[in-house]
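In what follows, a structure is listed as structure tokens, so that the remarks can point back to it.
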Amino acid sequence: MSLPTEVIEENKTEIKKDWQPRVIAFLCNWCSYAGADLAGTSRLRYDSHIEIIRVPCSGRMDPLFILKCLEKGADGILVSGCHPGDCHYATGNYYARRKFATFRKLLEFCGFDLRRIHFSWVSAAEGAKWSKVVNEVISQVREAGPIANMYSRRENKL
């Protein structure tokens, strides 16, 4: 049983009015997490609709973590690690860079909106950069809209 088009459109408008994005950020323990902490202790302003998960290294991130977050309702994902060459585990961020370049290509091939997935390098001394990255990510996820809209568009095409 399908809903009339007017009801679907009315619900989309209602959702967009009150909707705030939910973005999950996976941050490297050594650099990006410390950069986020510096932004907070420096009282830099950035959007608060981000939930931080600290990981030992961006290279230890499994793309399945991202898919699981999206499945559970996250509207966007940010993975952030040490700058290339500065990894505390020597080459972890190089692995992460390759892994997520391939993962993004797969998502793009599947028709996923890439405004929802972001990867950045933020060092422990870059609190201002962290603030800027978060605001840009949240802005792009807001542009993309609620992830529920993405699924409803697919259902309408079937």
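Here, each number is a calculation from the coordinates, and none is a lab measurement. Computed from a predicted structure; not experimentally measured. Note: ideal-geometry Cβ built from the backbone for every residue, glycine included; neighbour counts use all protein chains shown.
Per-residue Cβ neighbour counts within 10 Å put C31, C110 in the sequence C110, C31, beginning with the fewest.
Legend: residue pairs K72/K129; K68/K105; K17/K99, Cα-Cα distance threshold 26 Å; pairs beyond threshold, K72/K129; K17/K99. Spacing of the modelled spin labels on T41 and S139, each 7 Å from Cα toward Cβ, amounts to 2.8 nm.
On full extension of the chain, what length is gained from E108 through E71, given 0.36 nm per residue of separation minus the C-alpha to C-alpha distance? List each step's numbers first, then the result.
Details: separation 37, 0.36 × 37 = 13.32 nm, distance 1.70 nm.
Length gained between E108 and E71: 11.6 nm.
The residues neighbouring L27, those whose beta-carbon lies less than 10 Å from its own, together hold a net charge of 0 under the Lys/Arg +1, Asp/Glu -1 convention. Take the Cα of R97, go 7 Å toward its beta carbon, and the backbone nitrogen atoms of segment 119-134 under 13 Å from that spot belong to 120-122. Across segment 50-158, the volume of the C-alpha convex hull divided among the residues equals 97 Å³ per residue. Neighbour counts of C-beta atoms inside 10 Å place D18, D62 in the sequence D18, D62, starting with the fewest. Spatially, segment 84-120 and segment 11-71 are offset by 15 Å when compared through their Cα centroids. Each other residue within a Cβ distance under 13 Å of R98 adds +1 if Lys or Arg and -1 if Asp or Glu, for a net charge of +4.
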